[in-house]
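Written out below as structure tokens is the structure these notes cover.
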Amino acid sequence: MRRRRSELLPPDRGLQARMLLAMLATPAAAIGGLAAFFAFAPHRYVLPMLVVTGVGLATAGRRDDAAAPRRAIGADEYPGVHAIVERLCVLADLPEPEIVVVHEEQPNSWIEARGRARPRLHLTSGCCSCCAPTSSRRSSRTSSRTSRTTTRAS
């Protein structure tokens with residue numbers, strides 16, 4: 001008998017309440033801090049703070065897609081990554097996401113799921129290279145196993 005996901009992972013209402021509190025309190029604290037600054041700061045600091053706030057708001061609204069190009073990959077590219085994701089999705093009884101590679105050397109990953117759309121797993125190229133064994137990694141593993149075997153035999 002297969003158990004439903006809600007039975008396996010019941011919702012944590014305490015965690016949900018803390019997340020909601022953090023989601024509401026963070027912008028309230030930032031806006032309150034700015035209001036307090038403008039109310040109590042000396043006048044010579046108000047204009048520079050307005051400029052900095054304006055630049056920050058202008059850059060926050062702009063998307064940064066050009067900084068890191070991304071593309072969806074097929075099953076023929078990074079087959080090791082696809083195999084790992086497929087096994088994890090089967091174990092967790094989750095739909096398999098679309099895999100998108102972001103060209104960045106720092107290993108990182110995140111999930112993007114919007115509404116009923118298919119979820120997207122974003123992996124950096126550094127993360128994909130960690131998952132895909134290369135010939136140099138295989139040779140270093142083989143040499144370390146050989147040296148352990150030689151040490152034990154001695």
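Values quoted throughout were computed directly from the atomic coordinates according to the rules given, and no laboratory measurement underlies them. Computed from a prediction, not measured in an experiment: that's the story for all the values here. In this analysis, Cβ positions are derived from the backbone assuming ideal geometry, glycine residues included, and neighbour counts consider all displayed protein chains.
Positive contributions from Lys and Arg (+1) and negative ones from Asp and Glu (-1), summed over other residues with Cβ under 13 Å from the Cβ of residue 124, come out at 0.
For segment 38-100, the Cβ-based charge dipole about the Cα centre amounts to some 620 debye (Lys, Arg positive; Asp, Glu negative; other atoms uncharged). For segment 67-122, the set of GluC sites (Glu not before Pro) satisfying both a DSSP loop assignment and a count of at most 12 other C-beta atoms within 10 Å is given as 105.
Multiplying the sequence separation of residue 92 and residue 114 by 0.36 nm and subtracting their Cα-Cα distance, what value in nm do you get?
Numbers: separation 22, 0.36 × 22 = 7.92 nm, distance 1.95 nm.
Result for the pair: 6.0 nm of gain on full extension.
The length gained by stretching the chain between residue 28 and residue 129 to full extension, at 0.36 nm per residue less their Cα-Cα distance, is 32.3 nm.
Between residue 47 and residue 76, the contour length at 0.36 nm per residue exceeds the alpha carbon distance by 4.9 nm.
Taking amide H positions as modeled 1.01 Å from N, with prolines and chain starts lacking one, the residues under 5 Å from residue 104 and 5 or more places away or on another chain are 125, 126.
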